[in-house]
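Accompanying notes for the structure given below.
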Amino acid sequence: MDAGKDGQLNLFIFGIGFSGMEIANAAQGAVVAGTTRSQVKAAKLAEAGIEPFLFDGSEPGSALLKRLET
C-alpha cells in the first residue's frame, strides 16, 4: 500500500482472485484497484468498491498505466 497525493492509502492488486479479494477486504479504508481478465469479474469488483482494470497479462492499456502512476 502507498499513500497517494491526498494522503489516502492506495492498494493495487494484479490479478484479483480469491486471495486478492481477501487482501482487498482486509485493507479497510484504502482505495483498492486491481486487474482482472473478465468483464463479468470487473463488474463484480466495481460492485465491491474496487476499481477494476481489464488486463490479459500482455499489454497494459493507457488507463491502467495512468492508474499505476498515482
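The values are calculated or read from the model by the stated rules, or taken from the named source; none is laboratory data. Computed from a predicted model, the values in this text were never measured in an experiment. All Cβ positions, even for glycine, are placed from backbone atoms using ideal geometry, and neighbour counts span all protein chains on display. These area figures cover heavy atoms from the full protein model, side chains too; ligands, DNA and RNA do not enter into them. Shrake-Rupley method; radii C 1.70, N 1.55, O 1.52, S 1.80 Å.
Say each of SER19 and LYS44 gets a label point 7 Å from the Cα, pointing the same way as Cα to Cβ; how far apart are those two points in nm?
The two pseudo-label positions are separated by 1.8 nm.
Can you give me the accessible area per residue for the chain, using a 1.4 Å probe, in Å²?
Working: 4720 Å² over 70 residues.
Value returned for the chain: 67 Å² of accessible area per residue.
Which label belongs to the value computed from this structure, given these candidates for Rg/Rh (Cα atoms, Kirkwood Rh): [x] 1.17; [y] 1.02; [z] 0.94?
Here Rg/Rh (Cα atoms, Kirkwood Rh) agrees with entry [z].
Hey, any idea what % of the chain's accessible area is carbon plus sulfur with a 1.4 Å probe?
54
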